[in-house]
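**Q** A single structure is presented below for examination.
The values are calculated or read from the model by the stated rules, or taken from the named source; none is laboratory data. Model, not experiment: these values are computed from the prediction. With ideal geometry, Cβ positions are generated from the backbone for all residues, glycine too; neighbour counts draw on all protein chains shown.
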Amino acid sequence: MSSDPALPDASAPDHLNERWWEEHGGQEWQAEYQRRKPSQPHYTQQEAFLQGFFLGMPPVRVLDFGCGFGRHLRNLAAMPWVEAYGCDISEKMLEVARQESGLAEPESRIRRIEPRGRLPFDDDFFDVVFTSEVLIHIDSAELPQILRELWRVSRSLLLHVENVEVQGSYRENDAHDGCWKHDFRAAYAAFEGAEVQVFKSAVDLQAVYLVSKPASSLGHAPTLRARVDLEVARQALQRSRQLLEERALRLSRTQVDLEDARRELHALRPSGSPSALGSHFKAGVDILAHVFKRHAPELPYRGFATTASLDPEEFLAARPESISICHPEWRGIRAATRAQSPFVLEIPGINDDEHCRRAVAFIVESGARRIVINGFPPGSDRLAAGLRKAEPKAEVFFVYHGCPAQDHSREDIVIQRMLDLVDEGTVQKLGFVKAGLADYFQLLGYPAQHVTNRFSAPCVDASPLPRQGERLHIGVFAPNISHKNLVTQILAGLMIENSVVEVCELPPLEYLKRSRDRLLVHGILPHPEFMEVLGSTDASLYVSHSECYPMTVLESIAAGVICLTSHTSELFLGSPVLEEALVVPEHDNPSAIAAQLRLALDRRTELVPLAQAHLAVLDAQAAARWHAFIDS
């Protein structure tokens with residue numbers, strides 16, 4: 001065995017990060033992971049990729065460094081040719097891993113290690129050492145000694161499923177005493193003979209780094225690249241399968257329409273034409289074509305955006321004074337952004353420096369002097385910094401549409417990054433749709449203002465309800481995150497007699513399969529198509545546990561569709577009639593929501609015009625707030 005290259009530094013400061021995992025690991029983190037997993041697909045993709053990578057390998061000994069509660073070990077235990085080991089600094093994590101990993105001899109295979117210390121394994125003990133979302137918690141200054149230990153105990157390969165590729169390591173945020181993004185190519189440059197390959201499409205929001213040692217017995221660069229490419233292709237096939245299942249659900253909506261068409265054809269008898277039936281089938285084909293197009297991973301708009309409010313030539317020729325930016329799949333924020341300005345760019349995030357350069361070049365060429373970024377699409381800070389550097393006279397504003405209850409993706413980190421950008425002089429002003437947040441940050445001395453969402457589309461009359469015996473379509477278009485109360489609303493919709501519930505996302509709950517023929521899943525549609533779907537429903541629900549200024553309610557009312565909401569937003573303050581009819585006091589009770597919806601449907605011809613008049617007042621207030629924010 002070689003001499004110890006990585007002894008802990010006794011003079012190093014206390015690592016709060018490590019203490020956090022000791023205190024909150026194990027069952028607590030396992031429960032948090034289960035809560036996050038439905039809305040964060042990269043967890044599933046990590047597991048699928050690692051399983052596929054080891055399929056078909058010769059017998060190998062593998063180390064899961066930072067194994068946590070053992071989610072990857074459990075999958076590896078099912079592969080008899082893989083001799084899996086795990087290690088972690090948190091005893092709470094390891095207690096759960098030993099119980100649930102399924103490994104033989106878990107006490108000897110799953111070991112506690114000292115932070116930054118020597119690993120309890122001989123040189124070249126493992127064929128493969130891998131990490132999965134672990135090194136993000138390692139300070140950049142301490143990463144080299146960690147990698148030296150992983151290099152020492154690996155005979156052939158090191159595999160990292162970690163952050164997207166960056167140039168230069170840096171501290172990304174303050175969660176758990178700091179999270180870092182690492183430049184793995186640069187880090188491994190110090191290891192003689194290391195070959196680093198980067199795969200950017202295997203896992204969403206992350207990259208896979210495959211490092212082979214000179215004496216690798218498992219193949220070198222071409223062979224390993226073929227293995228990873230094969231696994232990426234396998235995952236693409238699996239995602240296509242999932243998409244086909246979604247397509248089947250969406251086709252059920254066409255089937256409902258076909259039932260009406262068949263009845264009409266039966267009434268026509270021999271003189272009837274099947275053309276109506278054919279048009280329904282064509283509509284179904286068009287829907288499927290859109291699904292595949294929507295899921296294509298491309299940025300067709302000048303290579304940096306998915307779409308925009310105008311063609312590039314028209315956009316640049318207009319010389320806009322201000323531009324608004326949003327994520328294309330954050331439906332409510334997208335709708336609010338579209339109402340802010342006629343000049344909108346939908347950018348899902350900034351992937352790398354070249355992506356940032358293209359976006360900045362287009363915006364600078366447009367001549368815009370104010371750029372409003374709505375929400376915080378990934379890499380927004382990089383875009384803001386790039387804009388200020390390229391055009392110092394430009395002003396960058398952020399608008400935050402969330403609320404303190406949105407803890408599903410550490411929204412505190414997002415807000416803190418916005419504040420940091422103001423402190424750095426990169427961002428000039430912050431808008432908050434939640435009034436209390438604006439008030440709080442004003443007290444701290446930040447240039448924060450309260451803004452509310454606009455929706456100035458023309459209103460239409462309430463449509464008549466379906467005829468006797470026909471289906472009632474109820475839209476429940478909230479995303480599947482905890483504070484949106486999606487499941488409760490779906491159950492309420494299903495409790496309405498002869499109803500079909502239309503959703504953007506379907507929670508993966510076993511008992512909902514009993515109602516599969518009454519659930520239509522659309523996914524995240526482009527805004528014009530979403531408005532068509534919304535306008536075709538008979539009612540909608542947006543009864544969340546915590547809210548700011550929900551666009552779905554405004555859009556529904558304008559489309560002539562009755563919509564219930566919760567008391568957590570300010571939409572119907574000042575209108576006692578609307579508050580009593582449309583604001584749900586028992587927002588966590590599906591039976592109560594269903595009962596109130598039945599009453600509102602019976603009064604829709606009275607309530608919709610009243611709500612539309614109220615909407616006009618709200619829109620005027622929103623316009624005044626917006627101009628105060630953007631122009632002052």
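**Q** Among the candidates Pro377, Pro392, Pro342, single out the residue that is under 29 Å from Asn480 (Cα atoms) and free of Cβ contacts under 8 Å to residues at least 60 places away in the same chain.
**A** Working: Pro392 fails: under 29 Å from Asn480 (Cα atoms); Pro342 fails: under 29 Å from Asn480 (Cα atoms).
Exactly one of Pro377, Pro392, Pro342 is under 29 Å from Asn480 (Cα atoms) and free of Cβ contacts under 8 Å to residues at least 60 places away in the same chain, namely Pro377.
Table: residues versus (1) in contact with a Cys (Cβ under 9 Å, 6 or more places away or on another chain); (2) within 23 Å of Ala339 (Cβ to Cβ); (3) in contact (Cβ under 8 Å) with a residue 24 or more places away in the chain.
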| residue | (1), (2), (3) |
| --- | --- |
| Leu519 | no, no, yes |
| Gly523 | yes, yes, yes |
| Gly535 | no, yes, yes |
| His545 | no, no, yes |
| Ile562 | no, yes, yes |
| Ser566 | no, yes, yes |
| Glu580 | no, no, no |
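**Q** Out of all the residues in the stretch 546-603, which are part of a helix (DSSP H, G or I) and under 25 Å from the mean Cα position of the chain (by Cα)?
**A** Taking the stretch 546-603 as the starting set, the residues that turn out to be part of a helix (DSSP H, G or I) are 551-558, 576-582, 590-602.
Result: Met551, Thr552, Val553, Leu554, Glu555, Ser556.
**Q** Name the residues in the stretch 448-485 that are among the hydroxyl-bearing types (Ser, Thr, Tyr) and over 25 Å from the mean Cα position of the chain (by Cα), would you? Don't jump to the end; show me each part of the working.
**A** The first filter runs over the stretch 448-485 and keeps only residues among the hydroxyl-bearing types (Ser, Thr, Tyr), leaving 452, 456, 463, 482.
Correct list: Ser456, Ser463.
**Q** Might you let me know whether the stretch 87-106 holds any residue that is among the hydroxyl-bearing types (Ser, Thr, Tyr) and at pLDDT 95 or above? Walk me through it before giving the result.
**A** From the stretch 87-106, those among the hydroxyl-bearing types (Ser, Thr, Tyr) are 90, 101; that's our starting set.
If we keep only those that are at pLDDT 95 or above too, we end up with none.
No: the stretch 87-106 contains no residue that is among the hydroxyl-bearing types (Ser, Thr, Tyr) and at pLDDT 95 or above.
**Q** Examine the stretch 31-48 for a residue that is small (Gly, Ala, Ser), assigned to a loop (DSSP other than H, G, I, E, B) and either out of contact with any Lys or Arg (no Cβ under 9 Å at 6 or more places or on another chain) or farther than 30 Å from Trp330 by Cα (or both), and state whether such a residue exists. Spell out the reasoning first.
**A** The first filter runs over the stretch 31-48 and keeps only residues small (Gly, Ala, Ser), leaving 31, 39, 48.
Imposing the further condition that a residue be assigned to a loop (DSSP other than H, G, I, E, B) reduces the set to none.
No, because not a single residue in the stretch 31-48 is small (Gly, Ala, Ser), assigned to a loop (DSSP other than H, G, I, E, B) and either out of contact with any Lys or Arg (no Cβ under 9 Å at 6 or more places or on another chain) or farther than 30 Å from Trp330 by Cα (or both).
**Q** Just checking, how many residues over the stretch 128-143 are of a type outside the set (A, V, I, L, M, F, W, C) and modelled with pLDDT of 95 or more?
**A** 2
**Q** Cβ contacts < 7 Å: first residue in contact (Cβ under 8 Å) with a residue 12 or more places away in the chain, restricted to the stretch 452-467; second residue among the charged types (D, E, K, R) and in a loop (DSSP other than H, G, I, E, B), any location; separation 6+ or different chain. Result?
**A** Within 7 Å, the pairs are Leu465/Asp538; Pro466/Asp538.
**Q** Mind checking which residues of the stretch 597-629 are closer than 25 Å to Lys434 by Cβ, surrounded by 13 or more Cβ atoms within 10 Å (Cβ to Cβ) and of a type outside the set (A, V, I, L, M, F, W, C)?
**A** Correct list: Gln612, His614, Asp619, Arg625.
Let's see how each residue does on (1) assigned by TED's automatic domain parsing to the domain that holds Tyr43; (2) within 26 Å of His42 (Cα to Cα); (3) hydrophobic (A, V, I, L, M, F, W, C); (4) in a loop (DSSP other than H, G, I, E, B):
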site	(1), (2), (3), (4)
Val62	yes, yes, yes, no
Leu73	yes, yes, yes, no
Glu83	yes, yes, no, no
Cys87	yes, yes, yes, no
Met93	yes, yes, yes, no
Asp124	yes, no, no, yes
Thr131	yes, yes, no, no
Ile136	yes, yes, yes, no
Asp139	yes, yes, no, yes
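**Q** Enumerate the pairs (first residue in the stretch 150-169 and more than 30 Å from Arg382 (Cα to Cα); second residue anywhere and of a type in the set (S, T, N, Q) and surrounded by fewer than 20 Cβ atoms within 10 Å (Cβ to Cβ)) with beta-carbon separation below 7 Å, excluding pairs fewer than 6 apart on the same chain, so at least 6 apart or on different chains.
**A** What qualifies is Arg152/Ser2; Arg155/Ser217; Ser156/Ser217.
**Q** Another question, if that's okay. Being exposed (fewer than 15 other Cβ atoms within 10 Å of the Cβ), assigned to a loop (DSSP other than H, G, I, E, B) and over 24 Å from the mean Cα position of the chain (by Cα) is the filter here, so list the residues in the stretch 176-217 that pass it.
**A** Ala189, Ala190, Glu192, Gly193, Pro214, Ala215, Ser217
**Q** Name the one entry in Gly436, Gly445 that is closer than 30 Å to Phe629 by Cβ and part of a loop (DSSP other than H, G, I, E, B). Break it down stepwise before answering.
**A** Details: Gly436 fails: part of a loop (DSSP other than H, G, I, E, B).
Checking each option against the conditions leaves just Gly445.
**Q** Taking interchain pairs and intrachain pairs at least six residues apart, which have beta carbon atoms under 6 angstrom, with the first residue in the stretch 57-81 and closer than 17 Å to Ser108 by Cβ and the second at pLDDT 95 or above and in a loop (DSSP other than H, G, I, E, B)?
**A** Leu73/Cys67
**Q** Could you please find all residues in the stretch 495-517 being touching a Gly at 6+ places or on another chain (Cβ under 9 Å) and either part of a loop (DSSP other than H, G, I, E, B) or without any contact (Cβ under 8 Å) to a residue 12 or more places away in the chain (or both)? Steps first, please.
**A** Residues of the stretch 495-517 touching a Gly at 6+ places or on another chain (Cβ under 9 Å): 498-505.
Of everything in the stretch 495-517, those that are touching a Gly at 6+ places or on another chain (Cβ under 9 Å) and either part of a loop (DSSP other than H, G, I, E, B) or without any contact (Cβ under 8 Å) to a residue 12 or more places away in the chain (or both) turn out to be Asn498, Cys504, Glu505.
**Q** Which of the residues that make up the stretch 80-109 are more than 21 Å from Asn17 (Cβ to Cβ) and surrounded by 16 or more Cβ atoms within 10 Å (Cβ to Cβ)?
**A** If we filter the stretch 80-109 for residues that are more than 21 Å from Asn17 (Cβ to Cβ), which is where we start, we get 80-85, 98-109.
Answer for the stretch 80-109, where residues must be more than 21 Å from Asn17 (Cβ to Cβ) and surrounded by 16 or more Cβ atoms within 10 Å (Cβ to Cβ): Val82, Glu83, Ala84, Tyr85, Arg98, Glu100, Ser101, Leu103, Pro106, Arg109.
**Q** Which one is modelled with the lowest pLDDT, of the residues in the stretch 562-585 that are closer than 18 Å to Ala622 by Cα and of a type in the set (Gly, Ala, Ser)?
**A** Ser569
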